[in-house]
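Worksheet for the structure shown next.
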Amino acid sequence: MSETTYQTTRVSSSSAVTAVLGATAAAVAIWIVATLAGADLTVSFGPGQPIQKITVVNVIVTALVASLAGWGLLALLRRFATNARAIWTAIAIIFALLSLGGPLSAIASAGTKVSLVAMHLAVATVVIAGLRRTRGR
């Protein structure tokens, strides 16, 4: 008689939550350092466009939305793709690189651009490293 065993693949939600919160904390930490260092953290996205101040609320919401979107995509891929982790990692890296277009193309001081790029890279690094470690395919 043969015996078949099935292994469930579930994302460790505590690890994923840790990655999402860690990414958000990293972005907030960079915002705090930049603010304390005197960075203006204001941007405009073109001549004649309004100047927008980057607040800690903006940083928290953006980091959470991006991180949760990454987690959601990973969960979806794990449900429907056999090599979900590899596919997700490639997509996450591409989106991380594309996200740099916002701060790099904005009209802002060099300090603001450096701070925003650092926030984007910190969130991407923590999310990619953290979510790749969660269980699943």
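The values are calculated or read from the model by the stated rules, or taken from the named source; none is laboratory data. In this text the structure is predicted, and so the values were computed from the model without any measurement. Note: ideal-geometry Cβ built from the backbone for every residue, glycine included; neighbour counts use all protein chains shown. Just the protein is used for accessible areas: all its heavy atoms, side chains included, with ligands, DNA and RNA removed. Shrake-Rupley method; radii C 1.70, N 1.55, O 1.52, S 1.80 Å.
Quick check on the range 78-88: of everything there that is assigned to a helix (DSSP H, G or I) and open to solvent by less than 30 Å² (accessible area, probe 1.4 Å), which residue is nearest to Leu21 (Cα to Cα)? I'd like the intermediate steps shown before the answer.
From the range 78-88, those assigned to a helix (DSSP H, G or I) are 78-80, 84-88; that's our starting set.
Then drop every residue that is not open to solvent by less than 30 Å² (accessible area, probe 1.4 Å), which leaves 78, 84, 88.
Numbers: Arg78: 21, Ala84: 22, Trp88: 19 Å.
Going through the qualifying residues, I end up with Trp88.
Please work out if Ala34 is more than 22 Å from Arg133 (Cβ to Cβ), part of a helix (DSSP H, G or I) and at pLDDT 95 or above.
Details: more than 22 Å from Arg133 (Cβ to Cβ): yes; part of a helix (DSSP H, G or I): yes; at pLDDT 95 or above: yes.
For Ala34, the condition - more than 22 Å from Arg133 (Cβ to Cβ), part of a helix (DSSP H, G or I) and at pLDDT 95 or above - is met.
Return yes when Ala75 is in contact (Cβ under 8 Å) with a residue 40 or more places away in the chain and buried (at least 18 other Cβ atoms within 10 Å of the Cβ) and no when it is not. Before the answer, list the steps.
Working: in contact (Cβ under 8 Å) with a residue 40 or more places away in the chain: yes; buried (at least 18 other Cβ atoms within 10 Å of the Cβ): yes.
When the stated conditions are applied, Ala75 passes them.
State the number of residues belonging to the range 113-137 that are in a helix (DSSP H, G or I), among the hydroxyl-bearing types (Ser, Thr, Tyr) and buried (at least 18 other Cβ atoms within 10 Å of the Cβ). Walk me through how you get there before you give the answer.
Going residue by residue through the range 113-137, those that are in a helix (DSSP H, G or I) are 113-132.
Cutting the leftovers down to among the hydroxyl-bearing types (Ser, Thr, Tyr) gives us 115, 125.
From what's left, buried (at least 18 other Cβ atoms within 10 Å of the Cβ): 115.
So the answer is 1.
Count, please, the residues in the range 89-112 that happen to be crowded, with 18+ Cβ neighbours inside 10 Å and part of a helix (DSSP H, G or I).
The number of residues fulfilling the criteria is 5.
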